[in-house]
Amino acid sequence: MKTCKKIFIGLLGLIVLLLVIAFLLPSKYHVERNTFIMANKLTIYDLTSHFQKWDLWAPWTQKIDSTAKFELVGPDGEVGTKRIWDGKILRDGEMVLTQLIPGELVAYNLSFHKGDYKSKGKLTIEALGDSCKVSWIDDGDLGYNPISRYMGLFMGKMMNPDFDKGLSKLKTVAEQRKSWPKMKETTIPEQFVLVIVDSARIKDYKKVMGNAFGEIFKYIQTSGLKQNGSPFSICLKWDSVTKSSVMKIGVPVNKEGKNNGRIAAEKIPAQNAVMGYYFGPYDKIESAYNALAQYCKEGKNEITGGPWEIYISDPMIEKDSMKFETHILFPIK
């Protein structure tokens, strides 16, 4: 009996000692990891300020928990927007954007397990020469829970690997975007056009399109119409085996025209689009197409029609192909 009493007193003393130590431990924790990324700070900001784009680089996605369900509440990239998730591995959690400074700061509140564990996180972006220093920071208040206080001793060891992994992937994704053309979402207004539908293999594009534009411009001169924008082509069908496409080759005009031979007069309604601004030779344009396709995929933009090429530069005037300016347009919902 005395032995049991001694054991009980000893355990009680140990518990009291552990509690005393716990309350002497720091009530807050700070985790911070850094990396240097050779990319524009606005590119990095775009990837970090939109929760939908966290799937491209963050360590906590369906790749590690296929059961996880994610929900976006609010317009992506705005203060107050939430990212909510629940899964067998990731469990339940919520992030809320609390402060955004374009090109400099993305701050958020984070909570896990029905709000039992809370912290404040942020990503800071600092331009340094041709690179940016990106810091990922998490600060938490452990409160008076003795178990949480002890866990605070290991927060760095628990979070550092995930932060390092996320920053490394962010660096890869951001630096890949250096070769991307400038892009924006826009609305193309309603326009009257004259078009010719034709087909050609890649090696014959120049000849086929040159003939079509020649016919259209000749008709404009004799019809009383005026050109009202840059020449364009729309890909209606692409055959990856024969490397050929069916194209609608056209020129915007100031008012509705009339059909003339193989020239058709059309009115194209206003439409939403993602626009890319490409500079360079036409035979190197594929990389810009790939970038726009990836942009639409990331933004969950549904492409609703064939891609356009709008020819801002006239190759008959601008002889340097590296200065050719072409706008690539993907119609979207």
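Just a few scattered comments:
- Hits in segment 244-269 (condition: surrounded by fewer than 14 Cβ atoms within 10 Å (Cβ to Cβ) and within 21 Å of I303 (Cα to Cα)): K267, P269
- I249 vs. criteria in the same structural domain as E190 (by TED's automatic domain parsing) and over 21 Å from S321 (Cβ atoms): no
- Residue in segment 297-306 that is out of contact with any Leu (no Cβ under 7 Å at 6 or more places or on another chain), among the aliphatic types (A, V, I, L, M) and within 21 Å of K207 (Cβ to Cβ) present: no
- Cβ pairs under 7 Å, 6+ apart, first in segment 299-327 and among the basic types (K, R), second part of a loop (DSSP other than H, G, I, E, B): K323/S313
- P102 satisfies every condition listed in (1) at pLDDT 95 or above; (2) out of contact with any Leu (no Cβ under 9 Å at 6 or more places or on another chain) except (2).
- Looking only at segment 202-243, residues that are exposed (fewer than 12 other Cβ atoms within 10 Å of the Cβ) and within 15 Å of Y282 (Cβ to Cβ) come to 3 in all.
- Enumeration of residues in segment 67-78 that are in contact with a Gly (Cβ under 8 Å, 6 or more places away or on another chain) and either of a type in the set (S, T, Y) or surrounded by 16 or more Cβ atoms within 10 Å (Cβ to Cβ) (or both): T67, A68
- Any hit, segment 112-120, residues being surrounded by fewer than 18 Cβ atoms within 10 Å (Cβ to Cβ) and hydrophobic (A, V, I, L, M, F, W, C): yes
- Taken over segment 180-230, the criterion of being closer than 21 Å to I263 by Cα and polar (S, T, N, Q) is satisfied by Q191, S199, N211, Q221, T222, S223, Q227, N228, S230.
- So D283, is it part of a loop (DSSP other than H, G, I, E, B) and either surrounded by 15 or more Cβ atoms within 10 Å (Cβ to Cβ) or at pLDDT below 95 (or both): no
- Residues in segment 298-325 that are outside any strand (DSSP E or B) and touching a Ser or Thr at 6+ places or on another chain (Cβ under 6 Å) were compared, and the one that is farthest from M275 (Cα to Cα) is F324.
- The one condition in (1) more than 30 Å from the chain's Cα centre (by Cα); (2) on the phi < 0 side of the Ramachandran plot that G224 fails to fulfil: (2)
The values are calculated or read from the model by the stated rules, or taken from the named source; none is laboratory data. The shown structure was predicted, so the numbers you read here are calculated from the model rather than taken from an experiment. Please note: Cβ atoms are built from the backbone with ideal geometry, for glycine as well, and neighbour counts cover all protein chains shown.
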